[in-house]
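*Asks:* Right, I'll just put the structure down here and ask away after.
Nothing in this text is a laboratory measurement; each read-out follows from the coordinates by a stated rule. On a predicted model such as this, the values are computed, not experimentally measured, just so you know. Here the Cβ is made from the backbone with ideal geometry for all residues, glycine too, and neighbour counts use every protein chain on show.
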Amino acid sequence: MFTTNQKTWAEEMYAVINKKLEATCARAAGKLPFYPEKDGFYKDNPTNGGLHWWTNGFWPGMLWQAYNSTGNENFRTRAEEVEERFDDLFNTFSNLHHDVGFMWLHTSAANYRLTGNARSRVRTLHAANLLAGRYNPLGKFIRAWNAGPPGRTIVDTMMNLPILYFASKELNDPRFEAIARNHADTVARVTVRADGSCNHISDLDPVTGDILETPAGQGYASGSSWTRGNAWALYGFALSYLHTSDLRYLGISKSIAHYFIANLALSDWITHADFRSPKKPVKYDSSAAMIAACGMLEIAKHVDEHEKSLYISAAMNTLNACSDKFLCKDTEKDGIMFGASSLYHAQESSLETDTSLIYGDYFFTEAVLRILGKDFLIW
Ligand code: GLY
């Protein structure tokens with residue numbers, strides 16, 4: 001599916017990623033990285049969010065991908081440490097929300113898939129039950145977060161649905177998949193717009209499922225187009241297609257991809273934080289490009305030969321453009337893909353803007369491994 005030049009580029013990036021991972025692994029043992037501090041290094045779990053913070057699975061996710069492609073046992077040991085640390089969360093429970101998929105797909109599900117660890121299977125099923133427990137059967141959606149109105153949905157949840165598909169397959173029980181599909185259908189109705197752009201937040205009537213309002217969330221404003229949210233939807237619907245074979249989901253993923261590609265072509269293939277925001281100040285979010293690239297590479301696997309090149313060349317264009325501009329090869333610093341922002345309105349002084357964010361690094365790693373055929377499906 002990939003040309004020699006594309007593979008050569010990916011080999012070069014793979015070498016960078018492995019060197020960076022080895023160096024960071026030695027420095028960050030026992031830590032949960034999110035973004036580098038001012039000194040250039042990760043500190044443990046730097047937000048006020050604590051162990052339950054939604055990004056904490058991406059570091060072990062990178063380690064499992066690296067373990068799978070290199071066989072380096074150190075990567076596996078470090079990933080297993082995080083998985084065990086997460087066990088406390090099953091006791092505290094209160095701060096967990098729709099992002100349990102991000103957390104346990106990248107820890108216990110990855111472990112179970114690669115090693116067959118029975119305890120990891122139980123952890124994954126436990127997390128899947130927590131996500132299923134957030135389902136509102138009246139409005140047919142999975143509730144987002146814990147604060148906010150009871151009818152709140154966010155586009156990010158699409159990427160957590162694979163833990164429900166996992167549970168249905170493992171238990172031979174259709175309930176989990178039914179919840180995932182009902183939620184995806186609601187997102188398709190209330191969040192994806194006719195032009196392929198997406199809301200971040202859609203607040204629904206918790207009894208009827210009718211749309212009430214669409215607050216701005218992490219994007220520029222209500223009605224704008226938060227780039228990472230579009231990327232979550234693009235990849236999330238592609239994964240729902242992968243797990244259900246329902247062609248409607250592939251079509252939705254493609255329409256979001258077409259909107260994404262049209263906008264990327266206007267900005268030299270670098271992702272700004274919101275597709276519908278003022279031109280100045282310039283706010284980049286490379287993490288959106290990394291997620292979208294993985295989604296486009298997934299779409300490419302399911303379309304006819306003559307269609308593949310659209311998705312592959314768009315993914316390669318944005319991976320190349322972002323790596324030319326934002327890649328940090330320096331092994332004396334943590335973080336790989338810079339130019340990321342956690343939200344459009346982050347304070348200029350915030351360490352979560354114009355930086356590397358652990359999920360951007362995870363999806364960059366996954367994209368490179370996909371091109372080399374060395375990835376495994378973590379989703
Ligand atoms: N809430 C998930 C994200 O920031 O993308």
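*Asks:* Among K7/K43; K7/K333; K7/K325; K7/K301; K140/K169, which pairs are too far apart, with a Cα-Cα distance over 24 Å?
*Replies:* K7/K43; K7/K333
*Asks:* Another question about this same structure. Taking the highest mean first, how do the peptides 223-236, 301-314, 155-168 order by number of other beta carbon atoms within 10 angstrom per residue?
*Replies:* 223-236, 155-168, 301-314
*Asks:* Which of rounded, prolate, oblate describes the chain, given a ≥ b ≥ c as roots of the alpha-carbon gyration tensor eigenvalues and a/c under 1.5 marking rounded, otherwise prolate only if a/b is larger than b/c?
*Replies:* Judged from the Cα gyration tensor, the chain comes out rounded (a/c under 1.5).
*Asks:* May I ask you to list the aspartates and glutamates whose Cα is less than 12 Å away from that of K308, ignoring any residue fewer than eight positions away on the same chain?
*Replies:* Output for K308: E298.
*Asks:* Hey, can you list the DSSP H helices of the chain whose Cα span along the axis is 30 Å or longer and whose average Kyte-Doolittle score is at least -0.5?
*Replies:* Answer set is 305-326.
*Asks:* Highest GNM mean-square fluctuation, the chain, Cα pairs closer than 10 Å: which of T318, T271, T92?
*Replies:* T92
*Asks:* I'd like to compare 112-119, 319-326, 10-17: which one has the highest average count of other Cβ atoms within 10 Å, and what's the full order after that?
*Replies:* So the peptides 112-119, 319-326, 10-17, ranked by packing, come out 319-326, 10-17, 112-119.
*Asks:* Next up: Quote the relative contact order of the chain in percent (integer), defining contacts as alpha-carbon pairs under 8 Å separated by 6+ residues.
*Replies:* 18
*Asks:* Right, next: Once amide H atoms are placed 1.01 Å from N in the peptide plane, what residues at a sequence separation of 5 or more from I142, or on another chain, have their amide H within under 5 Å of its amide H?
*Replies:* N136
*Asks:* Right, something else. Answer rounded, prolate or oblate for region 207-331, using the Cα gyration tensor with square roots of eigenvalues a ≥ b ≥ c: rounded when a/c is under 1.5, else prolate when a/b is larger than b/c, else oblate.
*Replies:* Oblate, since a/c reaches 1.5 and b/c is not below a/b.
*Asks:* Just tell me which aspartates and glutamates come within less than 15 Å, Cα to Cα, of K283; anything on the same chain fewer than 8 places away is out.
*Replies:* Output for K283: D268, D274, E348, E352, D354.
*Asks:* Rounded, prolate or oblate: which fits region 8-134 when a ≥ b ≥ c are the square roots of the eigenvalues of the alpha-carbon gyration tensor, with rounded for a/c under 1.5 and prolate only if a/b beats b/c?
*Replies:* oblate
*Asks:* Something else about it: Can you return the aspartates and glutamates within cross-link range of K19? Criterion is Cα-Cα under 12 Å, with same-chain partners fewer than 8 residues away left out.
*Replies:* Excluding near neighbours in sequence, the set is D330, E332, D334.
*Asks:* To the nearest Å, what is the center-to-center distance of region 192-239 and region 2-69, using C-alpha atoms only?
*Replies:* When both Cα centres are located, 28 Å separates them.
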